[in-house]
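Read the structure below first, then the notes.
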Protein chains: 8
Amino acid sequence: MSTETTPIVSVVMGSDSDYPVMEEALALLKKFGVPCEAILASAHRSPDRTNRFCADAENRGIRIVIAGAGAAAHLAGVIASQTTLPVIGVPIDSSPLKGLDALLSMVQMPGGVPVATMALGKAGAKNAALFAIRILAMTDVSLKAKLEEYIDEMARDLEERQKTLGK
Amino acid sequence: MSTETTPIVSVVMGSDSDYPVMEEALALLKKFGVPCEAILASAHRSPDRTNRFCADAENRGIRIVIAGAGAAAHLAGVIASQTTLPVIGVPIDSSPLKGLDALLSMVQMPGGVPVATMALGKAGAKNAALFAIRILAMTDVSLKAKLEEYIDEMARDLEERQKTLGK
Amino acid sequence: MSTETTPIVSVVMGSDSDYPVMEEALALLKKFGVPCEAILASAHRSPDRTNRFCADAENRGIRIVIAGAGAAAHLAGVIASQTTLPVIGVPIDSSPLKGLDALLSMVQMPGGVPVATMALGKAGAKNAALFAIRILAMTDVSLKAKLEEYIDEMARDLEERQKTLGK
Amino acid sequence: MSTETTPIVSVVMGSDSDYPVMEEALALLKKFGVPCEAILASAHRSPDRTNRFCADAENRGIRIVIAGAGAAAHLAGVIASQTTLPVIGVPIDSSPLKGLDALLSMVQMPGGVPVATMALGKAGAKNAALFAIRILAMTDVSLKAKLEEYIDEMARDLEERQKTLGK
Amino acid sequence: MSTETTPIVSVVMGSDSDYPVMEEALALLKKFGVPCEAILASAHRSPDRTNRFCADAENRGIRIVIAGAGAAAHLAGVIASQTTLPVIGVPIDSSPLKGLDALLSMVQMPGGVPVATMALGKAGAKNAALFAIRILAMTDVSLKAKLEEYIDEMARDLEERQKTLGK
Amino acid sequence: MSTETTPIVSVVMGSDSDYPVMEEALALLKKFGVPCEAILASAHRSPDRTNRFCADAENRGIRIVIAGAGAAAHLAGVIASQTTLPVIGVPIDSSPLKGLDALLSMVQMPGGVPVATMALGKAGAKNAALFAIRILAMTDVSLKAKLEEYIDEMARDLEERQKTLGK
Amino acid sequence: MSTETTPIVSVVMGSDSDYPVMEEALALLKKFGVPCEAILASAHRSPDRTNRFCADAENRGIRIVIAGAGAAAHLAGVIASQTTLPVIGVPIDSSPLKGLDALLSMVQMPGGVPVATMALGKAGAKNAALFAIRILAMTDVSLKAKLEEYIDEMARDLEERQKTLGK
Amino acid sequence: MSTETTPIVSVVMGSDSDYPVMEEALALLKKFGVPCEAILASAHRSPDRTNRFCADAENRGIRIVIAGAGAAAHLAGVIASQTTLPVIGVPIDSSPLKGLDALLSMVQMPGGVPVATMALGKAGAKNAALFAIRILAMTDVSLKAKLEEYIDEMARDLEERQKTLGK
C-alpha cells in the first residue's frame, strides 16, 4: 500500500492473513486524513526485516507504530524495544485459544518497554487508529475537530438506531 | 499530591489502596520532569466526581490521563468516553481472580473508544508513565534525549548485573 | 419500542446487535404483562445519553433496569452508579473471548455499587426478566400467581418431554 | 444470630467457614435497619435442612434470600429453584481455583431459574446487602433516603481521602 | 425409554437437548447388556421431580446413577446429596464458556458428597457407561469378561487403523 | 503403610509430597473399616513400578484404585488403561497453575478409558474415599449403614454449628 | 506410511483423527529428506502397543519421537518416561476446551521427564518437524544448510507478499 | 558464572530475578558434566545484547540454548528466530497471572520458528537441562549412560521413599 504523502503512522502486521483485521485501522486513519502505510514484518519469520524497520522508521518520518499479531504475538514488543516511538498493539484471534495467547503475549510487557494494547481483533484495530489519532490530535487542532465530530457522530448514530430498534 | 508547575499528566485511581501500584507511574514521571498529579476518582463510587474530572481535565492543562483500577475496572473506559485525550489504563490485581477481571474489563473496549492497556500491576504502572513519555517526546527533543538515556541505562544495568549473576 | 402503558422495567443495551439476545427479556416481561421498554444506550459510545437515561429513569416511572452488554461490559455498572434502582446485568458473548470478558466486567463490581449479574446470553436475558418479576411479585399477588404458574409449567413441560425422550 | 424483629432478609451460607465473608452482608443490613438472620444450610451436606428452609422461608416472613457458597456453589440455585423469592448469590473463593468455580457454578443458571450473582468474596457480600436494600427501597421511602445518604457518603469519603492520597 | 428388565443404571439429564450426548452412555450400557433407563429431571426447573427420583431410585432397583448437565450443572451434585448410590457426572458443553462452567460446577463438590466426574461431552458420556460397567464388573464375572474383550477390541482396532493411516 | 488385613482399596500417589492430601482418603477409609494401602508410584518417574502395580493389583485383592497426582497428572489415566478396576482420580494443586493443569489432565480422558475425577485437593481426596465406600456399600449392608450414619452426622453437625454461627 | 530408508524420526499419534494435523510434521520432514514414519499408538486405548513402541524405538533406529495427542494428552509423557530419546509433543485441539486441556497435560511434566512442547495444532506439528531438524542439523551440515535456506525462504516469502499486501 | 571448558549449553534469562529458577538447569547440566554458562539478556530491555548473543552463540561453540523468562516471555522466541540452534524455553511464574502469560507467550510460536517449551518454573528448568542432555546423548554414549543411571536413580528413589511414606 502506497500513499501520496509520507506516512506518519505505520501499520505493521506479522502475516498477510492479519490484513482483514488491520485494514480497519488503515481505513480509519485514511478517513481522518492521516498518512499511513501497511507493512508486513514478522518478529519470528523475518527478524532482520523487522529490525531494519525499527532502525529506519523514525528517519522515514514514522511517528507512531500500530502492530498487529496473533498467537505468541511478539511483534509489538520487539518494535517497542528497538524504537522510542509509541507502539500500539492489536492482538489477533488466530489460534485455538481464541486470542487469549495473543492478548497476554502483548499486554504483559515487562517494566521498561511499553506496548499500548487494544482489544482483540477488528474492534482493537479500529481503536488503535483512534488512539493514534488522539495522540496526533494533541498538537493538531484540525484533527482534534475531526475526532470530536467522529465522537458526536457515534452518539448520533445510536440515537438514530433507537428509532428502529427491534423493528 | 501537588506539583509546583501545572500538571500535564493526570494519574487517576479508583481507590487509595491502588496508590502503592500507581506510585510507580508518578515516580517515573517526576524522574523525567513531567508535571503530574494524583487523583482519586471512582467510576462507580463517585461518578459525579469522575464526570467533573473529565469535563475539566483538558481545560486544566491535562494532556494525557493514566487510569488504574482493579476488579470490574471501568475507570479508564469511562474517562476515555468523556474526553478526547489519550487514556492509558493500568489493570490492578485486587480480587481473587488475580487481575484477569481488571485486564479484560479494561482492554476489551468496543470499537470507537480506545484505552491503551498496560500490563497488570507495578510493571504496568511504570510502563504507563513510559508510554506517556514516548507520546510527549514526539514533540519534545529534550524529553526524547532523556528517554534514550533511560533505555541505554536499562541495557547497561543488565550488563552490570551479568557480572554478579548467581553470586 | 413503545408500550401503551408507562414502562416500569427498562431493558437497556449497548448496541443494536445485542437486540436478538435482549429480546428474550422483553418477550418474557410482556408475557407476564409487565410494561417495559427497549433502550439503546452505550456507556462508551454515548455517555451523555446514558447519563441522561440515569437522571430521568426513576422520574419516568422506571422501577428496575435490565442492562445487556458485551466485551468490556460497563453499561450495567455505569447505570448502577448513577441511580438507586436495582440493576440486573446480562453479559453477552460478542468477542473472541466468548463472553468471559463481559461476565467479569459485569459481575466483579467493587463494594458499594451492586449489579445483579445473570448467565451469559439468552439464558441470562430470560432470567433477568424472571428476576425482575420475582422482585415485582414481592408486592403484587397477581404477578406472583403468574410466576408460580410459570414455574409449575416448566416442571410439567419436563414431565411431558420425558414421554418422547430419545424418540 | 437472632434479631429482635422478624427477619425479612435471610443470609444463608453453606459452611461456617463462609461466615467471615457473609458477615459483611449482615453488618450492612443491620446498619440500614433491615431485620436479617444468618442461616447455615448446605445444598450438599444438609439437603433436607435446605429444602425445609425453602419451604418455610416465605411463611416466616423472609422476602429476600442472600446465599453465599464456594467451590461447586449450588446453594443459591437450589434455593432459587424451590422458592419464588429473589435470591442473591455471593460466590466465595475457597478452593485452589480462586473462586472461578464458585462464580461459574452460581452465575451460569439455566433459563427459568434466576440467581442474581454478585462479585467474589467480601465485595460481593457487601453488594448483596446493598442490592437487597435497593429492592426493599422500591417500596420504602425511608430506606431509600438512607441508601441515597450512603451513596453520597461514599463519594464524600473519596473526596476526603484525596486530601491525604500518597501521604 | 423403557427396557424389558428392571433398570439398574439410571441415565438422568437436565434437558432433552442433552440427549444426543447422553445417548452415548445408553448405547454402550445396552451393548454390554446392562439394563438402563433415560430420565429427564432438572435440578432447577423440576426440583420436586428430581427429589422424587432420589427418594425412589434405590427402591426401584437403581444401583448407579449417571447424570449429565450443562452450564451451572448441579444435577449430579443434587442427586449425590440425596442418595447413597454412586453418582457419575457428565459435564456438557452447552454455553458460550464451552463447558468449563459445567465441568467446574460438577467436579468441585465439597468434601462429604462425591460426584465421579467424566470428560466433557460424548467422550464423557461413553466413559460414564464404562465406569458404571467397571463397578458392576467387580461382582459380575460375565460382565468383566465383556469389558476385557471391549478393551482388547479397542487396541486391535488401533492396530487395524495403522494399516491405512494417512491413506 | 501396612494394614493387618489384605487391602482392597489402593491409594496411589505420584510423589510423597502428595501424602498430606491423600492422607484424607486413607483416614476416611480406615474410619469406615475399609482395608487400604498407600502406594508411591509415578507414571513418569517410575513407569515400570507403575506398570507392575497395574499387573498385580487385582491379584493382590485390590478392588478399587484411588490415584492422586499434580501438574500433568497422568497417573490415574495410566492405571485405568492397564486394569479393569474402577479408578478414582484426585487432582492436586502443586504448580503455579493452581491445579487447573492436574484437573484437565485427569478429567479429560478419551472415550474408552474412564477416570472418575474428584475435586482438587483435600476435598477431593476425602470424596474419593467416600466414592469408593459408595461402590463397596452396593454389596455390603453394614458399610451402607455406616455411610448413612456418616451422612446423617454431616447434617447434624451443621445443625449444631448453626447454634454458634458468628459467635 | 512406509519409507524406503530406515526412519529416524517417528511421528506418533493417539488417534487417526489426529492425522490431518500431524501430516504437517511428516510433510516437512520429507521435504528436508529426513526418513520418518507415522505410528498410531494411544497411551490409553493401546498401552501395550505404546509400551512396545518405546521398548523397540531406539533399536529400530529411531532417534527422535514426535508425539501428537488431544484432550488428556498423555502420549508424549508416557513415551518420554520409557525411552531416553528426545520427545517433542504437539497438543491437539480436539475437545470443547479448545486444546487448553491437551496443552497443559503435555507441557506441565514433572521434573525428571521432559517433553518439548510445541504450539497447538498445525503450527505446532510443523514446528515439531523443524525442531527435530534443528537437533539433527547439529551433526549434519547438509541438513543445516537446508534449514538455513528454509529460514531465508520464509523471510523472502514475506518480502514478496509485501508487494501484494491488501491487494 | 564461568566454566573451565568452553560452554556448549547457554542458559539465558531475561532478569536476574529468574536466576533461582534457572539455577536448577545449571546445576543439573553441571552434575552431568555438560559445560554451560549463565547469560543475562532481555528481549525487551537489552535487544542489542540479545541480538549479539544470537549472532555469536554458534561461533562461540554453543550448541543448545535454554531460555527462561516470565510475563510476555519473548526471549526464547527471539533467540529461536535469529539462530538455527535448538532453543528450549522455560516459562516463569512472575506476574499475577501465575505464569499463564509466560507459558502462552512461549509455546504458541507461529509455524516456522520452534521453541521447545517446558513446564512452568523449577520443574521446567530441570527438564530443560534433561532435554538438552537427551539431545547431546544422541551422539555421546557416555552421557547416555549417565542419563540412564539418572533415570534408574529416580525410580529407585521412589522405591526408597515408599518405605517411609506417611511416617
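Summary table
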{"item": "Those residues of the range D:129-139 which are facing another protein chain (nearest Cβ under 7 Å) and under 11 Å from the mean Cα position of the chain (by Cα), in sequence order", "result": "D:Leu130, D:Phe131"}
{"item": "Qualifying residue in the range E:34-45 (condition: at pLDDT below 95 and hydroxyl-bearing (Ser, Thr, Tyr))", "result": "no"}
{"item": "Whichever residue in the range D:1-39 is hydroxyl-bearing (Ser, Thr, Tyr) and either farther than 16 Å from F:Arg161 by Cβ or in contact with a Gly (Cβ under 7 Å, 6 or more places away or on another chain) (or both) and, among such residues, is surrounded by the most Cβ atoms within 10 Å (Cβ to Cβ)", "result": "D:Ser10"}
{"item": "Residue count for the range C:140-167, restricted to those that are among the acidic types (Asp, Glu) and either within 15 Å of C:Lys30 (Cα to Cα) or under 23 Å from the mean Cα position of the chain (by Cα) (or both)", "result": "5"}
{"item": "Among (1) in contact (Cβ under 8 Å) with a residue 40 or more places away in the chain; (2) closer than 23 Å to B:Leu143 by Cβ; (3) of a type in the set (Ser, Thr, Tyr) - the single one A:Ser94 does not satisfy", "result": "(2)"}
{"item": "Candidates D:Ala125, D:Ala137, filtered to the one that is surrounded by 14 or more Cβ atoms within 10 Å (Cβ to Cβ) and out of contact with any strand residue (DSSP E or B) (no Cβ under 9 Å at 6 or more places or on another chain)", "result": "D:Ala137"}
{"item": "Residue check for G:Ala116: at the interface with chain H (Cβ under 8 Å from one of its Cβ atoms) and touching a helix residue (DSSP H, G or I) at 6+ places or on another chain (Cβ under 8 Å)", "result": "yes"}
{"item": "From E:Glu149, E:Glu159, residue being touching a Lys or Arg at 6+ places or on another chain (Cβ under 9 Å), more than 17 Å from F:Ala116 (Cβ to Cβ), in a helix (DSSP H, G or I) and of a type outside the set (Phe, Trp, Tyr)", "result": "E:Glu159"}
{"item": "Residue tally, condition touching a helix residue (DSSP H, G or I) at 6+ places or on another chain (Cβ under 8 Å), more than 12 Å from every other protein chain (Cβ to nearest Cβ) and not small (Gly, Ala, Ser), over the range D:10-34", "result": "3"}
{"item": "Flag for D:Ser81 being touching a Lys or Arg at 6+ places or on another chain (Cβ under 9 Å), in a loop (DSSP other than H, G, I, E, B) and buried (at least 24 other Cβ atoms within 10 Å of the Cβ)", "result": "no"}
{"item": "Residue, nearest to the chain's Cα centre (by Cα), within the range F:93-119, restricted to residues that are open to solvent by 10 Å² or more (accessible area, probe 1.4 Å) and not hydroxyl-bearing (Ser, Thr, Tyr)", "result": "F:Asp93"}
{"item": "The listed residue being within 13 Å of chain H (Cβ to nearest Cβ), touching a residue at least 40 places away in the same chain (Cβ under 8 Å) and buried (at least 19 other Cβ atoms within 10 Å of the Cβ), out of A:Ala76, A:Ala71, A:Ala57", "result": "A:Ala76"}
{"item": "Selection within the range B:71-93 - in contact with a strand residue (DSSP E or B) (Cβ under 6 Å, 6 or more places away or on another chain) and within 17 Å of B:Asn127 (Cβ to Cβ)", "result": "B:Ala73, B:Ala76, B:Pro86, B:Val87, B:Ile88, B:Gly89, B:Val90, B:Ile92"}
{"item": "Count of the range H:60-76 residues which are under 24 Å from A:Ile79 (Cβ atoms) and more than 13 Å from the chain's Cα centre (by Cα)", "result": "5"}
{"item": "Of all residues making up the range F:20-59, the number that are under 16 Å from H:Glu159 (Cβ atoms) and assigned to a helix (DSSP H, G or I)", "result": "8"}
{"item": "D:Ser142 being more than 10 Å from chain C (Cβ to nearest Cβ) and either surrounded by fewer than 21 Cβ atoms within 10 Å (Cβ to Cβ) or in a loop (DSSP other than H, G, I, E, B) (or both)", "result": "yes"}
{"item": "Residue satisfying condition, being of a type outside the set (A, V, I, L, M), in a loop (DSSP other than H, G, I, E, B), closer than 24 Å to E:Ala69 by Cβ and more than 8 Å from chain C (Cβ to nearest Cβ), within set D:Pro110, D:Pro96, D:Pro91", "result": "D:Pro96"}
{"item": "Output for the range E:40-54, where each listed residue is open to solvent by 30 Å² or more (accessible area, probe 1.4 Å) and more than 9 Å from chain D (Cβ to nearest Cβ)", "result": "E:Arg49, E:Arg52"}
{"item": "Lone unmet requirement of (1) outside any helix (DSSP H, G or I); (2) within 9 Å of chain D (Cβ to nearest Cβ) for C:Lys126", "result": "(1)"}
{"item": "Tabulated pairs, the range C:118-137, first within 17 Å of E:His44 (Cβ to Cβ), second hydroxyl-bearing (Ser, Thr, Tyr) and surrounded by fewer than 24 Cβ atoms within 10 Å (Cβ to Cβ), C-beta under 7 angstrom, 6+ apart or interchain", "result": "C:Arg134/D:Thr84"}
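The values are calculated or read from the model by the stated rules, or taken from the named source; none is laboratory data. Small disclaimer: the values here were computed from a predicted structure and weren't measured. So basically every Cβ, Gly included, is an ideal-geometry build from the backbone, and we count neighbours across all protein chains shown. All accessible areas refer to the heavy atoms of the entire protein, side chains included, with ligands and DNA or RNA removed. Shrake-Rupley method; radii C 1.70, N 1.55, O 1.52, S 1.80 Å.
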